[in-house]
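> If you scroll down you'll find the structure; I have some questions about it.
Every read-out reported here was derived from the displayed coordinates using simple, explicitly stated rules and does not represent laboratory data. Model, not experiment: these values are computed from the prediction. Don't worry about glycine lacking a Cβ; one is built from the backbone with ideal geometry, like all the others, and counts go over all protein chains shown.
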Amino acid sequence: MIKPLILFSLALMPAAAFAQSADLEATCKIVAKNFFLSDSLAIGAIQSFPELKPPGVRMAYSTRQGTSPAEMTDTFECEFDKPDKPHNLAKFCVSTTCYTANESDADRKRRFEEMRVLLQRAEK
């Protein structure tokens with residue numbers, strides 16, 4: 001009786017690693033596509049963290065079509081104020097450059113506001 005219970009418990013352990021949020025991931029893809037002005041952005045590996053404060057997503061991408069996921073080295077990250085819709089964008093980063101509402105650089109702040117407005121429109 002104990003052996004089946006242990007095996008069952010072990011079988012469930014990997015499932016916890018997959019507790020990602022497809023909803024957050026889709027929202028971050030929208031932000032990335034809007035930022036790059038492209039409907040055909042190639043997306044590779046995606047990790048989402050709905051349980052963190054703030055919840056977020058990190059994904060590999062390429063602006064070149066046909067790029068294999070293994071060749072994608074650029075990252076796009078999104079942070080939101082909550083894991084549920086409507087997702088309010090709190091921050092996003094393209095590789096090492098981040099964009100926030102509190103940004104001191106006027107151009108970066110403008111890009112952040114543009115992405116936030118486009119996301120609000122998409123989620124209506």
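> Work out, step by step, the length gained on full extension between Glu123 and Leu37: first 0.36 nm times the residue separation, then minus their alpha carbon distance; give nm to one decimal.
29.2 nm
> With +1 on each Lys and Arg Cβ and -1 on each Asp and Glu Cβ, and nothing else charged, work out how big the dipole of region 19-122 is about its Cα centre, in Debye to the nearest 20.
Computed charge dipole of region 19-122: roughly 180 debye.
> Taking the mean number of other Cβ atoms within 10 Å as a proxy for protection, how do you rank 86-95, 38-47, 100-109 from highest to lowest?
Descending mean neighbour count gives 86-95, 38-47, 100-109.
> Which of rounded, prolate or oblate describes region 19-122 when judged by the alpha-carbon gyration tensor and an a/c cut-off of 1.5?
Because a/c hits 1.5 or more and a/b fails to exceed b/c, region 19-122 counts as oblate.
> Going by how many other Cβ atoms sit within 10 Å of their own, how do Lys29, Lys82, Lys124 line up, fewest first?
Lys124, Lys82, Lys29
> Now, a different point. Apply the a/c threshold of 1.5 to the C-alpha gyration tensor of region 52-95 and tell me whether it is rounded, prolate or oblate.
Note, shape of region 52-95 comes out prolate.
> Using the beta-carbon distance between Glu113 and Lys82 and R0 = 22 Å, what value does 1/(1 + (r/R0)^6) give for FRET efficiency, to the nearest 0.05?
Efficiency, rounded to the nearest 0.05: 0.70.
> How many nm is it between the label spots at Cys98 and Arg64, if each spot is 7 Å from the Cα in line with the beta carbon?
The two pseudo-label positions are separated by 2.9 nm.
> Which residues' amide hydrogens lie under 5 Å from the amide hydrogen of Asn88, considering only partners 5 or more residues apart or on another chain, with H built in the peptide plane?
Hits under the 5 Å cutoff: Asp81, Lys82.
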